Amino acid sequence: MRSKKTGKYACSFALLCVLLAALFLVNLNYGSVRLSAGEIRAALFQGMEDSGTARRIIRDIRMPRILSAALLGGALSVSGFLLQTFFANPIAGPFVLGISSGAKLSVSLLMIVFLEKGVFTGSGAMILAAFAGALLSMGFVLVISGRAGSMSVLIVCGVMLSYISSAITDFLAAFADDANIVNLHNWSMGSFSGISWENVRAMALVTAVGLTGVLALVKPMGAYRLGEAYAQSVGVNIRRFRACLVLLSSLLSACVTAFAGPVSFVGIAVPHLVKGLFRTTEPLVLIPGCFLGGAAFCLFCDLIARTAFAPTEISISSVTAVLGAPVVIYLMLRGRGARGGREA
């Protein structure tokens, strides 16, 4: 029985890896400039002395964008999985609870202040600002969760927090004098464009640290999903465990917001799609599954954002909302139906 289950997991992981590889190749090929297979191969494997147009498109534009979409999509999906574990609720996520909006506000403040002074903001400063905003928002959510009578109240508060953060950001941007403030507007819409190799290295480092921390919590997470009482009975320090979940979820979602802006619904939809694929609740299986699934989901959404109305590019959040929101609606209706059945 154990070997049969392991084989099923292996097939699901293989499917995600094949899908991810296919999307990687398709994203390399498609764009405003169509490249042949020979041009792509030459751009990838020829020496650095080659400075042709195809090489610049592949190595300097498409490769950083593809890698960032994969890394940030995976990080956002894992962040959503952690929040769903923390609140024991299927519709918890960094975007719905307003955590991404808090990170957006802090990064916006940083960008406005430094753009007006003509100072460049590096990757480290962006990540730290987003992390601080995410932690503040998460603190607000935790305070509300202690007083809220239901998850629906918590979600409404998260939506209100998102509106407040967006309103403050718009207010500050309206009084900014620097002409480069248009960058803030483009970033706030959500996009993987304009990512540099320096950004990719920074996000890869932060994501690796975050995932390492998450994997270290696999055993206590498995006990926690069976209930706090059971987790305590097997020696899990609940307070420390919950603090680690908050920090790691905030770190991963902050990394996404710092580089791509607010990206909606990935953290809610993908973990449930992955659970449906693997048909398990084991964290050791779902954590890497969520990362691979989030990477594939964001690569697919970015492909649509770049090519659906080319040469016009739409925001990544618009695409993820169209594909992810129906999953959330289905989860809410299914949960309501289940409650109605129990009441009957």
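Nothing in this text is a laboratory measurement; each read-out follows from the coordinates by a stated rule. The structure displayed is predicted, hence computed values, not measured ones. With ideal geometry, Cβ positions are generated from the backbone for all residues, glycine too; neighbour counts draw on all protein chains shown.
Summary table below
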| read-out | value |
| --- | --- |
| Residue with peak Gaussian network fluctuation, the chain [Cα springs, cutoff 10 Å], from Leu277, Leu226, Leu303 | Leu226 |
| FRET E, pair Lys219, His185, Förster distance 25 Å, beta-carbon r, rounded to 0.05 | 0.05 |
| Burial ordering of Val78, Val236, fewest other beta-carbon atoms within 10 Å first | Val236, Val78 |
| Whole-number D in µm² s⁻¹ for region 2-343, Kirkwood Cα-pair radius fed into Stokes-Einstein, 4 °C, 1.567 mPa s | 62 |
| Estimated FRET transfer efficiency when R0 is 22 angstrom, pair Val322-Cys17 (beta carbons, to 0.05) | 0.30 |
| Rg(Cα) / (2.2 N^0.38 Å) computed for region 135-288, rounded to two decimals | 1.23 |
| Net charge of neighbours whose Cβ lies under 12 Å from the Cβ of Gln84, counting Lys and Arg as +1 and Asp and Glu as -1 | +2 |
| Ranked list, fewest to most other Cβ atoms within 10 Å of each Cβ, for Met63, Met138 | Met63, Met138 |
| Under 26 Å, Cα to Cα: Lys pairs in the chain, sequence gap 8 or more or different chains | 8 |
